[in-house]
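> One structure coming up, written as structure tokens, with questions to follow.
The values are calculated or read from the model by the stated rules, or taken from the named source; none is laboratory data. Note that the coordinates shown come from a computational prediction; the quantities given were computed from them, not determined experimentally. Positions of Cβ are backbone-derived with ideal geometry, glycine not excepted, and every protein chain shown enters the neighbour counts. With ligands, DNA and RNA removed, areas are computed over all heavy atoms of the protein, side chains included. Shrake-Rupley method; radii C 1.70, N 1.55, O 1.52, S 1.80 Å.
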Amino acid sequence: MAEAMTGMAEEVVPGLLLWRGLLDRPAQAAMVADIRGVIAAAPLVRPVTAWGRPMSVRMTSAGRVGWVIARGRYAYVPRHPETGTPWPPIPASVLAVWRAVSGWDDDPDCCLVNWYGEGARMGLHRDADEGEEGFHAPVVSISLGDPARFRIGGTERRGQTTRLLLRSGDVLAMGGPARLAYHGIDRVLSGEGDLLPGGGRINLTLRVVRSA
Ligand code: SIN
Ligand code: FE2
């Protein structure tokens, strides 16, 4: 199954695999309902960066651990920072995507939920808090809702980047040479999608975490 899925992907740059429209509209709607359940159990928060600025994206997590910024430090922790309760489980619909595309035997430890409202963006960064062993597994990313301009470069902050429009139902895997590449969201094309009433974009990233 995993190999067959890889055959259907486009390799955008080395290590970055893209499955266009992997999720059809009913699957997208079902996944949004599942994510609303996650948010009901673990409310979205607006993390504050090490520089004291609130991010424009609101976040929560599902899984064994969730990604947070705690007193300016990036960390995976077993409990929601505000409610103090364990994160809800990763929905089966989301795990099914991981199992189909990751090529990885273990399930992910974290599903980070990024909620982009109007004007939200995410600066270039690397997903580098998972621990050395966690870097062997890819990061799988699922896009739902309004389309967004995604950008990916190399492992240095400066240098050439490649741009790509991510639409609802698209799935990316960042593995191999792309696993620690800088990437971000320049802009969400607000209101151009119709999956989420009132607009917005949800991005889910699935990670194997060995640092916590
Ligand atoms: C992220 O890098 O955590 C989010 C990427 C995206 O929103 O597509
Ligand atoms: Fe990221």
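> Can you give me the solvent accessible area of Thr6 with a 1.4 Å probe, rounded to the nearest 10 Å²?
Thr6 has an accessible surface of roughly 70 Å² with all protein chains in place.
> Hey, can you find the accessible area per residue of the chain for me, probe 1.4 Å, expressed in square angstrom? Display every interim value, and only then the final one.
Details: 10130 Å² over 212 residues.
Each residue of the chain exposes 48 Å² on average to a 1.4 Å probe.
> Using the Karplus equation 6.51 cos²θ - 1.76 cosθ + 1.60 (θ = phi - 60°), what ³J(HN,Hα) coupling, rounded to whole Hz, does each residue of region 13-22 give in order, writing x for Gly and Pro?
For region 13-22, the Karplus-derived couplings read 9, x, x, 9, 9, 10, 10, 6, x, 4 Hz, x marking Gly and Pro.
> Right, here's the next one. Using alpha carbon coordinates only, what is the Rg to Rh ratio of region 34-102, with Rh defined as the Kirkwood radius? All intermediate terms of the calculation are to be shown ahead of the outcome.
On the way: Rg = 12.9 Å, Rh = 12.8 Å.
Result for region 34-102 is an Rg/Rh of 1.01.
> Got the relative contact order for the chain handy, in percent, Cα pairs under 8 Å and 6 or more residues apart? Spell out each step's value before the answer.
Numbers: 507 pairs, mean separation 54.8, N = 212.
RCO, the chain: 26 percent.
> Under 1.5 on a/c is rounded, so check that first for region 131-191, then, if it is not, pick prolate when a/b is larger than b/c and oblate when it is not; a ≥ b ≥ c are the square roots of the alpha carbon gyration tensor eigenvalues.
Because a/c hits 1.5 or more and a/b fails to exceed b/c, region 131-191 counts as oblate.
> Taking DSSP loops as anything outside H, G, I, E and B, show the longest stretch in the chain free of trypsin sites (Lys or Arg not before Pro) there with at most 13 other beta carbons within 10 Å. Before the final figure, lay out the partial values.
On the way: sites that count: Arg20, Arg71, Arg157, Arg158.
In the chain, the maximal stretch lacking such sites is 72-156.
> Name the longest site-free stretch of the chain, where the excluded sites are GluC sites (Glu not before Pro) in a DSSP loop with no more than 16 other beta-carbon atoms within 10 Å.
Numbers: sites that count: Glu82, Glu118, Glu156, Glu192.
Here the longest run is 1-81.
> Still on this structure, I have one more. Given springs between every Cα pair under 10 Å in a Gaussian network model of the chain, which of Ile35, Ile69, Ile142 has the largest fluctuation?
Comparing Ile35, Ile69, Ile142 in a Gaussian network model of the chain, the most mobile one is Ile69.
> Ignoring ligands, DNA and RNA, what percent of the accessible area of the chain is carbon or sulfur (1.4 Å)? It would help to have the intermediate numbers written out before the result.
On the way: 5130 of 10130 Å².
Carbon plus sulfur share of accessible area: 51 percent.
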